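Colleague: Before I ask anything, let me first share the structure, which is written out below as structure tokens.
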Amino acid sequence: MTESLITYAIVILVGVLVVFSFTIGIEKMIKIILGNYILSSICLAAGQSISLLVEMIKKTPEIRFMGFSYDKIANFLNDGNMTIVLILYIVLLFIIFRTSKIKISLPNDEAIRKMLQLIFVPLTVISMILTLQIAILGINGINIVAISSVAQMVANNTYMFQFVSLTPVWILLHGIVTILITSEFKISVKTDL
């Protein structure tokens, strides 16, 4: 794919995610953001588990399962690793979106709710993009050396280069901001007056 085609695809994806985020409401956005942190770990574990299974299967290529040699199954799993992880991500995201029992209480003030929606739309989009990046790249999605090589592919687009290069920072900041916004801190000061 050409670089401009990749840029257009990313812009369209971000646009679709922004529209989706605005339409689902704050409660569902928070569920998706929190779910994406769980899903990124699951995607990393799934990708690594498939790799371990492939290595284990390659040690026994003479054994057959349902008419297929283990070597063919290992090649299928190895070639389809990213696809399997993406399907797992989409299925689990749908389950979290539809059936999560996370209860979220929001303020009744409509102005605050609108402000929270404006804050959570970019947080939701970024969380989905970061989790997709981790699902596609696996452990390399948070490895600085691997991120640098991926960033070189989009080096002509400075915004995408910076976004990809700073992936660990985005994950850290995004997580901290989400926790701070969704947590309720109460401070009580007692005086002797």
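Colleague: Can you pull out every residue in the stretch 66-113 that is part of a helix (DSSP H, G or I), over 19 Å from Leu180 (Cβ atoms) and not hydrophobic (A, V, I, L, M, F, W, C)?
Modeller: Correct list: Tyr70, Asp71, Lys72, Asn75, Asn78, Asp79, Asn81, Thr83, Tyr89, Arg98, Thr99, Glu110.
Colleague: Taking only the stretch 109-135 into account, find how many residues are in contact with a Leu (Cβ under 6 Å, 6 or more places away or on another chain) and of a type in the set (Gly, Ala, Ser).
Modeller: 1
Colleague: For the structure I just gave you, tell me whether Ile50 is farther than 27 Å from Leu173 by Cα, aliphatic (A, V, I, L, M), surrounded by 15 or more Cβ atoms within 10 Å (Cβ to Cβ) and in contact with a Gly (Cβ under 9 Å, 6 or more places away or on another chain). Even if it seems obvious, please write down each step before you answer.
Modeller: Numbers: farther than 27 Å from Leu173 by Cα: yes; aliphatic (A, V, I, L, M): yes; surrounded by 15 or more Cβ atoms within 10 Å (Cβ to Cβ): yes; in contact with a Gly (Cβ under 9 Å, 6 or more places away or on another chain): yes.
Judged against the criteria, Ile50 is a match.
Colleague: Restricting attention to the stretch 107-142, report how many residues are modelled with pLDDT under 75 and more than 28 Å from Phe163 (Cα to Cα).
Modeller: Count: 1.
Colleague: Would you be able to say whether some residue in the stretch 89-110 is farther than 24 Å from Ser41 by Cα, touching a residue at least 24 places away in the same chain (Cβ under 8 Å) and among the aliphatic types (A, V, I, L, M)?
Modeller: yes
Colleague: A further question on this structure: Restricting the first residue to the stretch 1-21 and requiring it to be modelled with pLDDT of 75 or more and surrounded by 11 or more Cβ atoms within 10 Å (Cβ to Cβ), which pairs with a second residue that is not in a helix (DSSP H, G or I) and not basic (Lys, Arg) meet a Cβ separation below 8 Å and a spacing of at least six or different chains?
Modeller: Filtered contacts from the stretch 1-21: Ala9/Met1.
The values are calculated or read from the model by the stated rules, or taken from the named source; none is laboratory data. Owing to the predicted nature of the structure, the values given are computational and were not obtained by experimental measurement. Cβ coordinates were reconstructed from backbone atoms using ideal geometry, including for glycine residues, and neighbour counts include every protein chain displayed.
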